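Q: Sending over a structure as structure tokens; questions will come in a sec.
The values are calculated or read from the model by the stated rules, or taken from the named source; none is laboratory data. Predicted, not measured: the structure shown is a model, and the values here were computed from it. Heads up, the Cβs are rebuilt from the backbone with ideal geometry, glycines too, and the neighbour counts pull from every protein chain shown.
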Amino acid sequence: MPIVTPLTKLLNIRVPVVQGGMQWVGVPELVAAVSNAGGLGLLTALTQPNPDALREAIKKTRKLTDKNFGVNITLLPSINPPDYEGYARAAVEEGVRIFETAGNNPAPFIKFFKQNGCIVIHKCTTIRHAKAAERMGADILSIDGFECAGHPGEEDIGGLVLLERASQELKIPYIASGGFADGQGLVSAMALGASGVNMGTRFMCTVESPIHQNIKEKIVASTEQDTVHIFRTLRNTARVFKNKVSQEVVRLERRPQGAKFEELRELVSGARGRVVYEIGDPDYGVWSAGIVIGLIRDIPTCEELLSRIESEAENAIERLNKLSVAKAKL
């Protein structure tokens, strides 16, 4: 039996799983594979060098799937901001009707997308920001717990409490992000009120993921202790894989005088992170990974992964139902 939730109904997908919008990873081949497998694939707009390149990525994805997919636009502080408006306009003009926003002040983008009949998922790390996005008109919220890869915010609230707080405070559907890799995790999120889950690191480690095989195998060989936070002292915390570069960043930040971003810029450059995925050297630069790496033990296709999640979720629900029946007989 399919798992039907507000997420699956609203997005017209079979499995209540969204692929995270990951820089350098959310490309047409992975996105189409996730959508073909029953989830929602998300192209990462800023992986493309400009809005016209995003148009071509959308067209390529459409050739690979006839299922729904979306576009992620993450709004981050930048000395030279990308053409966010251009990316948004290009995607809408190409017929995309599902968007994930994240980062700073999404209000203008949510307004633009809603005016064009789009569904908006907004990712946030606090209930305060979630309620603000709800007021702005978001359709679904993605609640990002402390466990997640990338930017977990500065409040260090784990998913267990954050998700239940969301159930108390929010009026629209929400999904859980950070720490999810299997059917048991999906059911646990739904037990806390979520309508599905967002998975990033887990989809990095699939056959269709564009990253180098060495990095996939490094994820499989790692444990939940193999990530670290950088930029804590700069109030821009990011969870990344624990390697020589990220540990050097932490060392510099922990000096009595701390560290300025200018001192870290070369170490943490996005270009170096991209090269990690291309050449397969896990120590070449910083790259995102969530503590969910402790649960990743193989490199399946997206179809195999989502089918397994469905089966695991069904089994988990059945176990819980048996507990209820056993109690009733006492």
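Q: Quick one: what pairs do we get from the stretch 1-25, first residue touching a residue at least 60 places away in the same chain (Cβ under 8 Å) and farther than 20 Å from A191 by Cβ, second small (G, A, S) and crowded, with 21+ Cβ neighbours inside 10 Å, C-beta under 6 Å, 6+ apart or different chains?
A: Hits for this filter: Q19/G41; G20/G200; M22/G200.
Q: Looking only at residues that are among the hydroxyl-bearing types (S, T, Y) and touching a strand residue (DSSP E or B) at 6+ places or on another chain (Cβ under 7 Å) in the stretch 209-252, which one is modelled with the lowest pLDDT?
A: T237
Q: Is there any pair with a first residue in the stretch 101-127 that is touching a residue at least 40 places away in the same chain (Cβ under 8 Å) and a second that is acidic (D, E) whose Cβ atoms are under 8 Å apart and which are 6 or more apart or on different chains, and what are they?
A: I119/D139; I121/E100; I121/D139; K123/E100; K123/D144; I127/E169
Q: Let me ask something additional. Looking at the stretch 73-90 only, could you name the residues that are more than 19 Å from the chain's Cα centre (by Cα) and among the polar types (S, T, N, Q)?
A: S78, N80
Q: Do you know which residues across the stretch 234-251 are in a loop (DSSP other than H, G, I, E, B), crowded, with 17+ Cβ neighbours inside 10 Å and without any contact (Cβ under 8 Å) to a residue 60 or more places away in the chain?
A: Scanning the stretch 234-251 gives K242, N243.
Q: Is there a residue being outside the structural domain of V15 (by TED's automatic domain parsing), aromatic (F, W, Y) and in contact with a helix residue (DSSP H, G or I) (Cβ under 9 Å, 6 or more places away or on another chain) anywhere in the stretch 197-215?
A: no
Q: Report yes if G70 is at pLDDT 95 or above, in a loop (DSSP other than H, G, I, E, B), surrounded by 19 or more Cβ atoms within 10 Å (Cβ to Cβ) and under 19 Å from the mean Cα position of the chain (by Cα), otherwise no.
A: Judged against the criteria, G70 is not a match.
Q: Can you tell me which residue in the stretch 128-151 is surrounded by the most Cβ atoms within 10 Å (Cβ to Cβ), limited to those that are of a type outside the set (D, E, K, R), touching a Gly at 6+ places or on another chain (Cβ under 7 Å) and in contact (Cβ under 8 Å) with a residue 60 or more places away in the chain?
A: In this case the residue turns out to be C148.
Q: Could you look through the stretch 260-306, keep only residues that are at pLDDT below 95 and not in a helix (DSSP H, G or I), and pick out the one that is nearest to the chain's Cα centre (by Cα)?
A: Across the stretch 260-306, the extreme among qualifying residues is S269.
Q: Enumerate the pairs (first residue in the stretch 278-292 and under 17 Å from A238 (Cα atoms); second residue anywhere and in a helix (DSSP H, G or I) and at pLDDT below 95) with beta-carbon separation below 7 Å, excluding pairs fewer than 6 apart on the same chain, so at least 6 apart or on different chains.
A: Within 7 Å, the pairs are G285/R272; G285/G273; V286/V268; V286/G273; W287/G273.
Q: Considering every residue within the stretch 104-123, establish whether at least one is buried (at least 22 other Cβ atoms within 10 Å of the Cβ), among the small types (G, A, S) and at pLDDT 95 or above.
A: Checking the stretch 104-123: not a single residue is buried (at least 22 other Cβ atoms within 10 Å of the Cβ), among the small types (G, A, S) and at pLDDT 95 or above.
Q: Can you pull out every residue in the stretch 189-206 that is surrounded by fewer than 24 Cβ atoms within 10 Å (Cβ to Cβ) and either of a type in the set (D, E) or in contact with a Gly (Cβ under 9 Å, 6 or more places away or on another chain) (or both)?
A: Selection gives M190, L192.
Q: Considering the stretch 36-60 alone, what residues qualify as being surrounded by fewer than 24 Cβ atoms within 10 Å (Cβ to Cβ), part of a helix (DSSP H, G or I) and in contact (Cβ under 8 Å) with a residue 12 or more places away in the chain?
A: N36, L46, T47, P51, D52, R55, A57, I58, K59, K60 - these are the residues of the stretch 36-60 that are surrounded by fewer than 24 Cβ atoms within 10 Å (Cβ to Cβ), part of a helix (DSSP H, G or I) and in contact (Cβ under 8 Å) with a residue 12 or more places away in the chain.
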